[in-house]
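One structure is given below, encoded as structure tokens.
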């Protein structure tokens, strides 16, 4: 019989320490061996491999979700196609009406915004972007002045050549 009061085959360990059980066989899972390789490499190389692994896992998950979404859309479209076809005399005019209303509303809003900005600009209220407009206006004015000066000198010289006795 074994002595249960004084077991000598059990090792006493300090509190908080753990030991890894010995491996009985050399056969391991490919992912486990890959993770062991990650731990044995340098930290920078290990970080790159871990990033690549995370990239492929998240990419695979997103690809799976994309496939599920596309499949659900196609199956839903096939399932509701008879209802869509039967109710199309209602949907097409409604679509055109809503599209037309939103277009007109957008154009009116845009026109009101442009008119409001122009009014504030000419009243001297300095709306957003007025400094850029002033800068562009001064650049155009300076360029036109330089062209006028250059063209004036050019044409003045040509007029003397054309009429030497004048």
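Derivation of every value follows stated rules applied to the coordinates shown; laboratory data play no part. Owing to the predicted nature of the structure, the values given are computational and were not obtained by experimental measurement.
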With the cut-off at 1.5 for a/c, could you classify the range 87-127 from its C-alpha gyration tensor as rounded, prolate or oblate?
prolate
From the mean inverse distance of alpha carbon pairs (Kirkwood) and the Cα radius of gyration, derive Rg over Rh for the range 30-140.
1.35
